[in-house]
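The values are calculated or read from the model by the stated rules, or taken from the named source; none is laboratory data. The structure displayed is predicted, hence computed values, not measured ones. Quick reminder, even Gly has a Cβ in these numbers, built from the backbone with ideal geometry, and neighbours come from all protein chains shown.
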Amino acid sequence: MKDALREIVGKSNVLTSPEDTAPYLTDWRRQYSAGAECVVRPGSTEEVARVVAACAQEGVAIVPQGGNTGLSGGSVPTGARREVVLSLGRMNRIRAIDVLNDTLTAEAGCVLAAVQRAADEAGRLFPLSLAAEGSCQIGGNLSTNAGGVNVLRYGAAREQVLGLEVVLPDGRIWHGLRGLRKDNTGYDLKQLFLGAEGTLGIITAAVLRLHPKPSAAATAWIGLASPRAAVELLAALQERLGERISAFELVSRECLEAVLGTMRGLQDPLPTPHAWYVLAEVADNCAQDELYERVAAALAGCDDAVLAQSGEQSRALWRIRETIPEAQFSNVKHDVSVPVSRTPELIERLGQSIRQKFPAAQIYAFGHVGDGNIHYNVGPAALVKERAAVNRIVYDAVAALEGSISAEHGLGQLKRDEAAERKDPLELELMRALKQALDPRGLMNPGKVL
């Protein structure tokens, strides 16, 4: 098997020694780790297809992997059967940019920041943005339907895609790289693979949607008394600023203190402590001074807020938000969503329920309140052994509010069984029918999602 793979991708691109394969076999959170027969690093779609066909012939399962920055154990082996990790990092070319069509065609191994940079150099914006953008890869972003901070204005990863190129479980290549905004000729097949976490096929390239690049941006840090005040402020700012609001991030005081206590070079943006904060980003195609005045007027009713006066100040505010996950790394983490209007109720319910069961709990709530996606993490680290009980409290509250247990991180191994218990039986039946139709032998990323 390994000799056949070496003939396809070259000897140096089939990794077998423990020191070479180790980074590919453990997830970013270090929760999941298992062995694989080897790590294969193809350099083209044709090589991916040949690798998949060779593995299919031998009955060896394939674990597609991008930057391995996922948070649900979806990009590493399970160890339950013969598996090969297929790393797409060498497939990192920007194949084409069509400025008049506002599209960019990128291979799956392109780092997200490189895609953003290529769009920027072409005078356009690729709006998908998340903390791991310097190392995550676009194929992984699409396979998990990544969200990030700009979903409020531009939508999640799914909404940034016009066409896909996909290697199917039998090694055939679906050439769906179309830059069309209208194509009413049947089922929208690309949607099957977006958010499927590599369980139906391997995304090897995508036609991505670009947007006009704003000429002005304003970043505000706002102190608030409660999550309800944050949701009410969002509604008010949307009335005053419309779709100019790109991001609207909720941060608890506990999260801010965790960042300030562990990260050097950052400071509290406001002189007076508040229980909650919002980090808002507003962008438009106008003069910088004009936008600044408009945002300042919109925030006139806020008791305590600061507007960044420079790009450096703006980046400092965003560093606070982006380093929250690292500042409270070891705890029980949740990535949930409810309707925007119900996020205050979710946070209030959970605060009461968690502390009633675990009086010493440390709660770190933050995230994309603009689209109802809250990261609700419960510490201290010692509470990880009570993960099942904590999860039950959180997921029951989410279900009661008609929400989702996975808003943007995917199911992977982490939430696979929980989703099976909570999803509608008909939904599960349809998902399994799709899996059976496309991957009847279960070779694509087994043990994930279903």
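What to note about this one:
- Unique match (being surrounded by 14 or more Cβ atoms within 10 Å (Cβ to Cβ), under 25 Å from the mean Cα position of the chain (by Cα), charged (D, E, K, R) and within 25 Å of GLY223 (Cβ to Cβ)) among ARG349, ARG315, ARG294, ARG321: ARG321
- Of the helices (runs of 4 or more DSSP H) lying entirely inside region 340-450, those containing at least 3 residues that are without any contact (Cβ under 8 Å) to a residue 40 or more places away in the chain and of a type in the set (A, V, I, L, M, F, W, C) span 387-400, 425-438.
- Residue tally, condition within 25 Å of LEU438 (Cα to Cα), surrounded by 17 or more Cβ atoms within 10 Å (Cβ to Cβ) and not basic (Lys, Arg), over region 19-52: 13
- Within the option set VAL251, VAL259, being assigned by TED's automatic domain parsing to the domain that holds ASP289, buried (at least 20 other Cβ atoms within 10 Å of the Cβ) and touching a Ser or Thr at 6+ places or on another chain (Cβ under 9 Å) holds for one residue only, VAL259.
- Every residue from region 147-161 that is touching a residue at least 40 places away in the same chain (Cβ under 8 Å) and outside any strand (DSSP E or B): GLY147, GLY148, VAL149, ASN150, VAL151, LEU152, ARG153, TYR154, ALA156, GLU159, GLN160
- Residue satisfying condition, being closer than 17 Å to THR219 by Cα, part of a strand (DSSP E or B) and touching a helix residue (DSSP H, G or I) at 6+ places or on another chain (Cβ under 6 Å), within set VAL251, VAL278: VAL278
- 2 or more residues surrounded by fewer than 23 Cβ atoms within 10 Å (Cβ to Cβ): qualifying strands (runs of 3 or more DSSP E) within region 162-236: 173-176, 216-224
- Listed by first and then second residue, the pairs with beta-carbon distance under 8 Å, at least 6 apart or on different chains, first residue in region 277-300 and without any contact (Cβ under 8 Å) to a residue 24 or more places away in the chain, second among the hydrophobic types (A, V, I, L, M, F, W, C) and surrounded by 12 or more Cβ atoms within 10 Å (Cβ to Cβ), are ALA296/LEU307.
- Residue within region 25-41 that is within 18 Å of SER143 (Cα to Cα), in a helix (DSSP H, G or I) and aromatic (Phe, Trp, Tyr) present: no
- Looking across region 355-370 at every residue that is out of contact with any helix residue (DSSP H, G or I) (no Cβ under 6 Å at 6 or more places or on another chain) and more than 24 Å from GLY134 (Cα to Cα), the one that is surrounded by the fewest Cβ atoms within 10 Å (Cβ to Cβ) is identified as PRO359.
So that you can scan it fast, the table gives a plain yes or no per residue for (1) basic (Lys, Arg); (2) touching a Lys or Arg at 6+ places or on another chain (Cβ under 9 Å):
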{"site": "GLY379", "(1), (2)": "no, no"}
{"site": "ALA388", "(1), (2)": "no, no"}
{"site": "ARG392", "(1), (2)": "yes, no"}
{"site": "SER406", "(1), (2)": "no, yes"}
{"site": "ARG422", "(1), (2)": "yes, no"}
{"site": "GLU427", "(1), (2)": "no, no"}
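- Of residues in region 106-139 being farther than 16 Å from GLY367 by Cβ and in contact with a Pro (Cβ under 8 Å, 6 or more places away or on another chain), the one surrounded by the most Cβ atoms within 10 Å (Cβ to Cβ): GLY139
- For the condition modelled with pLDDT under 95, touching a helix residue (DSSP H, G or I) at 6+ places or on another chain (Cβ under 9 Å), aliphatic (A, V, I, L, M) and not assigned by TED's automatic domain parsing to the domain that holds ILE320, LEU383 qualifies.
- Qualifying helices (runs of 4 or more DSSP H) (wholly inside region 287-337; at least 3 residues being among the charged types (D, E, K, R)): 288-298, 311-322
Table: residues versus (1) over 23 Å from LEU250 (Cα atoms); (2) touching a residue at least 60 places away in the same chain (Cβ under 8 Å); (3) among the basic types (Lys, Arg).
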residue	(1), (2), (3)
THR185	yes, no, no
ALA205	yes, yes, no
LEU210	yes, yes, no
LYS213	yes, yes, yes
ALA218	no, yes, no
ILE222	no, yes, no
SER226	no, yes, no
GLU232	no, no, no
ALA236	no, yes, no
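- Taking the numbered list (1) modelled with pLDDT of 95 or more; (2) small (Gly, Ala, Ser); (3) under 20 Å from the mean Cα position of the chain (by Cα); (4) not assigned by TED's automatic domain parsing to the domain that holds ALA34 in turn, GLY123 passes all entries but (3).
- Residue satisfying all of: in region 298-313; in contact with a strand residue (DSSP E or B) (Cβ under 9 Å, 6 or more places away or on another chain) and of a type in the set (Asp, Glu); farthest from ASP268 (Cα to Cα) among these: ASP303
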